[in-house]
Every structure is written in C-alpha cells, then in structure tokens.
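What follows is a short report on a single structure.
Since every read-out is calculated from the coordinates, none of them should be taken as a lab result. Remember, predicted model here, so these are calculated numbers, not experimental data. Please note: Cβ atoms are built from the backbone with ideal geometry, for glycine as well, and neighbour counts cover all protein chains shown.
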Amino acid sequence: MSEFPTLPNGFVLGTATASYQVEGAVDEDGRGRSVWDTFCAEPDRIKNGETGDVACDHYHRYPEDVALMSELGMDAYRFSIAWPRVVPDGSGPVNPAGLDFYDRLVDSLLAAEITPAATLFHWDLPQALQDAGGWQSRDTAARLAEYATVVGERLGDRVGMWMPINEPVVVTMFGHALGVHAPGLALGFDALPVAHHLLLGHGLAVQALRAAGCSSIGIASNHAPTWPASSSPEDQEAAALYDTLVNRLFADPVLTGAYPEGLAEAMPGPVEDDLKVISSPLDWFGINYYQPSLVGAPGGGGAESPVLEGAPVPEGLPFEPRQLTGYDRTDFGWAVVPDGLREILVTFRERYGDALPPVYVTESGCSFHDVVDEHGQVHDERRVAYHREHLDAVAAAVDAGVDVRGYFVWSLLDNFEWAEGFTERFGLVHVDFETQHRTPKDSYRWFQQHLATRPSGKS
Ligand code: GBH
C-alpha cells in the first residue's frame with residue numbers, strides 16, 4: 001500500500017458523520033420530526049424515494065461502530081447531535097432519552113480513547129421550528145443557542161471539540177435558494193436572510209457553549225477555491241461575485257466581523273450588533289473541502305453543472321458554474337483536485353492573516369460505488385489515493401505556513417447522502433443497507449496500518 005503523508009506532530013486524524021445520515025430510529029425514544037423527515041416524505045425529492053428512517057441504524061449499532069473506530073485507530077470522531085432528539089419541538093421541553101443517547105456515545109468514544117467532536121446542527125432542524133419560519137426567522141438563532149446550552153451543560157465536560165453549525169452555505173443555497181435540500185424552498189437571492197440567521201445562530205451558540213463551560217469551539221464551513229473560466233474581465237468578475245457569495249459571505253463575518261461589501265444591506269435589519277455576536281472568537285476554524293468551483297459569466301453555455309448537483313440552474317444569475325474538465329472524477333462526478341485543498345487553505349491564511357485561528361479540515365472525502373467482492377473485500381484504491389493526495393495537500397499548506405491541526409475523513413460509514421439517497425458511498429467502511437453488515441474497505445486498512453505504526457502514537 002502506498003506511503004503515508006508526513007504530517008506535523010500531534011496532527012489529529014478523524015472520521016465524520018451526521019445524525020440524519022447514519023442514525024435511523026427516527027421515531028424512537030421521543031425524537032421529534034425534522035425537516036429532513038418531511039422532505040424525504042415528499043414525492044421526487046430523493047433518488048429512489050429513499051429516506052433516513054433506518055440509514056445505518058447507528059442509533060442501535062453505535063457500539064459496533066465505535067469498535068470499528070477503535071480498531072481503525074484514529075484520534076477523533078466528528079458526529080452531529082440531532083436537535084429533534086434533544087429538543088423535539090425545537091424549543092421548550094428537553095427529551096432526556098435523546099440526551100442519554102449522546103451521553104452513551106460520548107462515553108464509549110472516551111473509553112476507546114477517541115476524542116468526541118460534536119456538531120449541533122447538521123441540517124436536521126426540528127419541523128416545529130420550520131413551521132414557525134425556520135431559518136427565515138430570526139428566532140431560530142435564539143432557539144439554537146438554547147439547545148446549545150442544554151447540550152453543553154450535559155456533555156461539555158467530555159466533548160473535545162464543538163461546532164454549532166455545519167456548512168451554512170449549503171443550507172442557504174441548496175435548502176433555501178435552489179430548493180434541492182430540505183426545506184425545499186427555491187427563493188433565489190431572497191434566501192440571503194437565511195445566511196444571516198444561520199450565522200447569528202452560530203455566534204449565539206458559541207457564546208452559549210462558552211457559558212456552559214465548553215472548550216475548543218469552531219465551525220464546519222464548506223469552502224472551495226473559485227476559478228474564473230477564462231482570463232476575460234467578464235469571467236473574472238463573475239467568479240469574484242461567486243466567491244463572495246459562497247466563500248466570503250460565510251467566512252468574513254465570522255473571522256472579521258463584517259460582511260463583504262454590499263451584502264450587509266441585503267440582510268434583515270441593522271446588522272452591526274449581530275456582527276459582534278457572529279464574530280465571537282473561535283478556537284479554530286473548520287473547512288469542509290470537496291472540489292474547486294469553475295465559474296464564468298452568464299451565457300457561456302455551461303448550464304449543466306456538478307456544482308449545483310443536478311439542480312436546474314436558475315435563470316438570470318450573474319454568474320454561471322461550469323464543468324471542470326481535465327481531472328479524474330469520483331463516481332459522484334465531482335472532480336478530484338487535491339491541490340484545491342492546499343489552495344483554499346493558503347487563500348484563507350492570506351485573506352484573513354492572524355484573524356484566522358488554527359484550521360481543521362472538518363470534511364474531505366469521495367464517493368465511489370463500491371461493492372463487496374466474493375472474498376468479502378472492498379478494493380477502493382481510488383479512495384486510498386484520494387486521501388493520500390489530499391493529506392499531501394494539507395502537508396503542502398502546512399509547509400506554506402498554514403496552521404492546520406487535523407483532517408476528518410468524510411465518512412466513517414457509507415450513509416444517507418441527502419438528495420442522492422444511498423447511491424453515493426463515501427465511507428471507509430462499506431454498509432450493506434439490507435443487512436446492515438459493515439465491511440471495512442481497503443482505505444480503512446490503509447489508515448489503520450499507518451496509525452498502528454505512527455511514531456508518536458495517538459496524538
Ligand atoms: C457535505 O456537504 C456535508 O457536510 C455532508 O453531510 C455530505 O454528506 C458530504 O459533504 C458529501 O456530500 O461547492 O464547488 O464544491 C458537501 C456539500 C456542496 C460539496 C456542493 C460539493 C459541489 C460544489 N457539497 N459541492 S463545490
């Protein structure tokens with residue numbers, strides 16, 4: 001098997017999942033409904049009409065999954081807490097059985113010497129809050145902070161890293177502008193207030209977690225270098241605008257306390273005081289990276305685009321996502337561009353300077369349509385290459401002066417890939433969704449082999 005990249009001492013390696021994608025057990029132990037339950041029940045939203053009702057049945061099988069992590073030997077596990085399990089209606093009464101589940105999970109991780117890293121909101125908003133306006137309503141931000149207090153008080157003594165929210169850009173764009181994720185709203189640019197409320201919720205939750213005594217608080221934000229389709233001024237301008245809307249809009253307020261020029265005016269109400277909350281200091285900043293975005297001016301004929309994941313490209317946009325050509329692709333169709341990870345890390349360092357705290361890559365991964373062969377093996381050498389090359393890219397960013405502290409593989413398990421259902425497999429461990437049988441893939445073995453011989457042992 002191929003050589004393992006050289007990373008700084010103490011570099012954290014982990015795997016990542018999210019509640020709705022792995023847990024199943026959607027009607028058990030007092031869990032409330034989430035917007036993803038609703039969305040999956042609507043016709044034609046999810047490939048093959050699939051849902052997260054059972055997913056990986058992780059809610060029941062977590063001991064087996066923690067045992068798999070323990071044998072894998074990684075330092076940390078990033079999971080998300082299902083808000084509707086803990087606060088079924090999004091506000092008001094707490095469901096003790098929901099909290100107990102995460103208590104058990106955290107304790108079994110610690111017993112296996114794995115650092116728990118918890119996300120509070122990885123897209124499964126309680127349906128009751130959606131009925132009250134969801135992220136279009138400012139109140140939802142305050143509800144997130146209340147829920148953060150509940151979770152922080154219960155788990156703050158044991159969870160090693162906290163992320164109030166995952167990928168506000170995807171919730172805004174896919175959930176509210178394009179309508180291809182829950183809650184399925186296609187508001188176009190009228191989705192901008194959603195971004196503000198998510199960011200405000202992030203800031204309020206950071207403060208709530210701190211007040212509850214939690215340490216090591218960050219964010220998991222999706223970012224990608226944006227490349228102009230050509231050197232023409234039109235394409236460059238379109239790419240810069242796209243970069244502003246998908247990268248700067250979500251990182252500037254958090255790291256600098258200001259919106260990019262012209263965007264504060266698009267937000268609801270006076271935002272000055274909110275920006276102080278949104279920029280509450282973080283211990284680290286998490287970047288989820290998948291692929292660069294190639295963007296040109298409208299009218300270039302690039303309408304069909306993996307950037308929008310099959311969503312119809314709305315008309316009248318001031319930019320146009322284009323196909324990135326000349327790269328290997330995953331089976332999901334995403335371009336494999338490891339150097340894009342080095343580039344986004346270096347760009348963040350250059351853009352934000354000392355305002356950028358230490359960085360973690362909170363997600364990186366690839367989907368291949370893996371199958372278990374007749375010997376019970378999964379030969380996913382393309383995934384091995386993917387992670388080796390992306391870790392090499394991290395090492396290059398470290399050499400260039402970026403303080404990168406860790407890398408989380410998306411994902412531990414094949415799981416429910418949102419609108420794509422179970423077709424796309426990102427796991428180091430294969431899951432047979434009929435039998436729930438888990439099969440560690442060659443990529444799992446590759447990490448395991450390296451981790452067993454790591455000179456410094458666990459970090
Ligand atoms: C993450 O989303 C999610 O956090 C996770 O739940 C999900 O399962 C996983 O990734 C795999 O999809 O912005 O140019 O890279 C990733 C969101 C947004 C990543 C669109 C790929 C393609 C265009 N994705 N993106 S670009």
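For the reader, a short list of remarks on this structure follows.
- Of all the criteria given as (1) of a type in the set (S, T, N, Q); (2) under 27 Å from His60 (Cβ atoms); (3) within 16 Å of the ligand (Cβ to nearest atom), the one not satisfied by Thr172 is (2).
- Only residues that are of a type in the set (Gly, Ala, Ser) and free of Cβ contacts under 8 Å to residues at least 24 places away in the same chain were counted in segment 360-383, giving 0.
- Applying the set (1) within 19 Å of Ser34 (Cβ to Cβ); (2) within 19 Å of the chain's Cα centre (by Cα) to Arg78 leaves exactly one unmet item: (1).
- Unique residue being under 30 Å from Gly49 (Cα atoms) and aliphatic (A, V, I, L, M) when the list is Leu209, Leu155, Leu204, Leu198: Leu198
- Counted as qualifying within segment 403-459 are the strands (runs of 3 or more DSSP E) with 3 or more residues that are of a type outside the set (A, V, I, L, M, F, W, C) and either more than 16 Å from the ligand (Cβ to nearest atom) or in contact with a strand residue (DSSP E or B) (Cβ under 7 Å, 6 or more places away or on another chain) (or both), namely 404-410, 438-440.
- Identification of helices (runs of 4 or more DSSP H) wholly contained in segment 18-72 with 3 or more residues that are more than 23 Å from Gly427 (Cβ to Cβ) yields 35-41.
- For Ser411, the conditions (1) of a type in the set (S, T, N, Q); (2) within 20 Å of the chain's Cα centre (by Cα); (3) surrounded by fewer than 21 Cβ atoms within 10 Å (Cβ to Cβ) are fulfilled apart from (3).
- Taken together, the residues in segment 222-242 that are free of Cβ contacts under 8 Å to residues at least 24 places away in the same chain and within 16 Å of the ligand (Cβ to nearest atom) amount to 1.
- Residue match in segment 74-83 (condition: within 30 Å of Glu434 (Cβ to Cβ), touching a residue at least 40 places away in the same chain (Cβ under 8 Å) and basic (Lys, Arg)): yes
- Candidates Ala212, Ala205, filtered to the one that is crowded, with 22+ Cβ neighbours inside 10 Å, small (Gly, Ala, Ser), more than 15 Å from the ligand (Cβ to nearest atom) and in contact (Cβ under 8 Å) with a residue 40 or more places away in the chain: Ala205
- For segment 106-122, a residue qualifies if it is away from the ligand (no atom under 16 Å from the Cβ) and among the hydroxyl-bearing types (Ser, Thr, Tyr), and the qualifying residues are Ser108, Thr115.
- Identity of the residue in segment 245-271, within 16 Å of the ligand (Cβ to nearest atom) and in contact with a strand residue (DSSP E or B) (Cβ under 9 Å, 6 or more places away or on another chain), that ends up farthest from Trp284 (Cα to Cα): Val246
- Scanning segment 97-116 for residues that are free of Cβ contacts under 8 Å to residues at least 60 places away in the same chain and over 18 Å from Arg61 (Cβ atoms) returns Leu99, Leu110.
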